[in-house]
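The block underneath contains the structure these notes are about, expressed in structure tokens.
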Amino acid sequence: MKMRLKEKYIKQIIPEMKKRFGFKNDLSAPKIQKVTVNVGLNINQAGKDSKLQELAEDVLTRITGQKPAKRIAKKSISGFKLRQGQLVGLMVTLRGQRMYDFIEKLINITLPRVRDFRGLDKKSLDKSGNLSIGFKEHIVFPEVNINEIERVCGLGIVITVKGKNKEENFGLLKLIGFPFGE
């Protein structure tokens, strides 16, 4: 039987991180804090077309197993034809067991389904070592039925890692199994 990600983190990854970086105890090793999944809505169409909002909400609920929170514009920006209080996107924050399940599904099922995938770019890590992944199409997720799709929407995933520096966080992500390209 294959080991689950949380169990693998406790039994294999923490000892490896302690050995590699010289940590004195288990709690000093970096860990994944949360995963956020975002869908931006086309501002010009989202206000007029509530079907687009329902579609994006349904997609996020299927993919994450959690109802998304609505993101509202904080101030008006005339150059973008954006008004204060207008819906601009949807967001889901995953923690705990749902987070680990989502990461497992992302690594083992979703990323291999991406067309022309050659690994994640190391530039997708920010200065703190958090990983940002963007998808142009939501159809790479197994929960989405291709026959039911009316519109394709893109989404962004941010994996927040709690660690001291970028090198430790990158080491954790590699040990977890994220496929980074050369």
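The values are calculated or read from the model by the stated rules, or taken from the named source; none is laboratory data. Fair warning: this is a prediction, and the values are worked out from it, not measured in the lab. Glycine gets a Cβ as well: all are built from the backbone with ideal geometry, and neighbour counts include every protein chain shown.
Results for (1) on the phi > 0 side of the Ramachandran plot; (2) more than 13 Å from the chain's Cα centre (by Cα); (3) in contact (Cβ under 8 Å) with a residue 40 or more places away in the chain, shown as yes or no for each residue.
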| position | (1), (2), (3) |
| --- | --- |
| 23 | no, yes, no |
| 28 | no, yes, no |
| 33 | no, no, yes |
| 52 | no, yes, yes |
| 84 | no, yes, no |
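Can you tell me which of 59, 92 is in contact with a His (Cβ under 9 Å, 6 or more places away or on another chain), touching a residue at least 40 places away in the same chain (Cβ under 8 Å), closer than 18 Å to residue 157 by Cβ and surrounded by 16 or more Cβ atoms within 10 Å (Cβ to Cβ)?
On the way: 92 fails: in contact with a His (Cβ under 9 Å, 6 or more places away or on another chain).
59 is the lone residue from the list that is in contact with a His (Cβ under 9 Å, 6 or more places away or on another chain), touching a residue at least 40 places away in the same chain (Cβ under 8 Å), closer than 18 Å to residue 157 by Cβ and surrounded by 16 or more Cβ atoms within 10 Å (Cβ to Cβ).
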Residue 133 passes all but one of (1) modelled with pLDDT of 90 or more; (2) part of a helix (DSSP H, G or I); (3) not hydroxyl-bearing (Ser, Thr, Tyr); which number fails? (2)
Single residue of 139, 157 found to be in contact (Cβ under 8 Å) with a residue 24 or more places away in the chain and either assigned to a strand (DSSP E or B) or β-branched (Val, Ile, Thr) (or both): 157
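Please work out which residue is surrounded by the fewest Cβ atoms within 10 Å (Cβ to Cβ), limiting yourself to segment 160-177 and to residues that are part of a loop (DSSP other than H, G, I, E, B) and touching a helix residue (DSSP H, G or I) at 6+ places or on another chain (Cβ under 6 Å). Break it down stepwise before answering.
Applying the first criterion (part of a loop (DSSP other than H, G, I, E, B)) to segment 160-177 yields 163-165, 177.
Subsequent filtering for residues that are touching a helix residue (DSSP H, G or I) at 6+ places or on another chain (Cβ under 6 Å) retains 163, 177.
Numbers: 163: 23, 177: 15.
Ranking the qualifying residues of segment 160-177, first place goes to 177.
Just checking, does segment 134-147 include any residue being over 25 Å from residue 69 (Cα atoms) and touching a helix residue (DSSP H, G or I) at 6+ places or on another chain (Cβ under 9 Å)?
Filtering segment 134-147 down to residues over 25 Å from residue 69 (Cα atoms) leaves 147.
Subsequent filtering for residues that are touching a helix residue (DSSP H, G or I) at 6+ places or on another chain (Cβ under 9 Å) retains none.
No - not one qualifying residue is present in segment 134-147.
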